[in-house]
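The values are calculated or read from the model by the stated rules, or taken from the named source; none is laboratory data. Keep in mind that what you see is a predicted model, and the values were worked out from it rather than measured. Here the Cβ positions follow ideal geometry from the backbone for every residue, glycine too, while neighbour counts run over all protein chains shown.
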Amino acid sequence: MAAEPDTPDAEETSDVDATADVEETDKSDGEELPSPKRRTRRRLSSVGWALVATAVVVATLAGLGGWYGFRAYQKHEAQTQRDLFVQTARQGAVNLTTINYTEVESDVQRVLDLATGAFRDDFAKRSQPFIEVVKAARSQSEGTITEAGVESQRGDSAQVLVAVAVKSRTAVGEQEPREWRMKIEVQAVGDGAKVSNVVFVP
């Protein structure tokens, strides 16, 4: 009687098929889920973008800070120049209205030292006759600034309005105080400024 060939029983066959299914499922799952390297790459990419965004924000803030700082510097410089123009005009007005016959030469020189351009040249030409008149009249005058401000400014020059109260005295006696208004043009010269023109206004 011939022996029957061995055939796998149903249970063994079922186990083999299940193992194959598990292997295929594992392989399929391995393709769908990211590998550890890929997950690390994604994390690094996110960190990189965050760093780039932070750098952009920092650069923008630094740029804005520099711009506002520059604008503040410009504003400060402009105000400093305006203050210099006003102070120069005030001093020029005081020099022109404070004259004493006992020291008129030094008073005139003080006017010339703060003057420039055509105004200086013209005042220098008239200075000697002016000195003689002041001495002959035994004139004394003192000017006090009551108000001053920039009327207009263009580049390195400005027009400054100055109001001056002047007390004066001659050999005849003391005179009534007078109010004078001047339009003084001031020009930047080197690190300072000088008077370049004076006009008396009503």
Open item on the list: Residue pairs, Cβ under 7 Å, 6 or more apart or interchain, first in segment 131-149 and closer than 11 Å to Thr97 by Cα, second part of a helix (DSSP H, G or I) and hydrophobic (A, V, I, L, M, F, W, C). List them.
Closed with: Gly143/Ala93; Gly143/Val94; Ile145/Ala93; Ile145/Val94
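Going by the structure shown, is Ser157 surrounded by fewer than 19 Cβ atoms within 10 Å (Cβ to Cβ) and of a type in the set (Ser, Thr, Tyr)? Full working, then the answer.
Working: surrounded by fewer than 19 Cβ atoms within 10 Å (Cβ to Cβ): yes; of a type in the set (Ser, Thr, Tyr): yes.
Yes; evaluated as a whole, the condition is true for this residue.
Are any residues in segment 90-119 in a helix (DSSP H, G or I) and under 21 Å from Val201 (Cβ atoms), and if so, which ones? Outline the logic, then answer.
So in segment 90-119, the residues in a helix (DSSP H, G or I) come out as 90-97, 101-113, 117-119.
Arg90, Gln91, Gly92, Ala93, Val94, Asn95, Leu96, Thr97, Val111, Gly117, Ala118, Phe119 - these are the residues of segment 90-119 that are in a helix (DSSP H, G or I) and under 21 Å from Val201 (Cβ atoms).
Return yes when Arg126 is in contact with a helix residue (DSSP H, G or I) (Cβ under 8 Å, 6 or more places away or on another chain), in the same structural domain as Phe85 (by TED's automatic domain parsing) and charged (D, E, K, R) and no when it is not.
On the way: in contact with a helix residue (DSSP H, G or I) (Cβ under 8 Å, 6 or more places away or on another chain): no; in the same structural domain as Phe85 (by TED's automatic domain parsing): yes; charged (D, E, K, R): yes.
In short, no.
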Task: Test for Ser139: is it over 23 Å from Ile184 (Cα atoms) and assigned by TED's automatic domain parsing to the domain that holds Glu185 - done: yes
Open item on the list: I'd like to know if segment 158-166 contains one or more residues that are at pLDDT below 95, hydrophobic (A, V, I, L, M, F, W, C) and assigned to a strand (DSSP E or B).
Closed with: no
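Going through segment 167-178 one residue at a time, which ones are in contact with a strand residue (DSSP E or B) (Cβ under 7 Å, 6 or more places away or on another chain) and either at pLDDT 95 or above or of a type in the set (S, T, N, Q) (or both)? Can you show your working first?
Start the filter on segment 167-178 by keeping residues that are in contact with a strand residue (DSSP E or B) (Cβ under 7 Å, 6 or more places away or on another chain), which leaves 167-169, 175, 177-178.
Matches in segment 167-178: Lys167, Ser168, Gln175.
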Open item on the list: Cβ contacts < 6 Å: first residue surrounded by fewer than 10 Cβ atoms within 10 Å (Cβ to Cβ), restricted to segment 180-202; second residue of a type in the set (Gly, Ala, Ser) and not in a strand (DSSP E or B), any location; separation 6+ or different chain. Result?
Closed with: none
- [ ] Report yes if some residue within segment 160-177 is within 27 Å of the chain's Cα centre (by Cα) and either of a type outside the set (A, V, I, L, M, F, W, C) or assigned by TED's automatic domain parsing to the domain that holds Ser196 (or both); otherwise report no.
- [x] yes
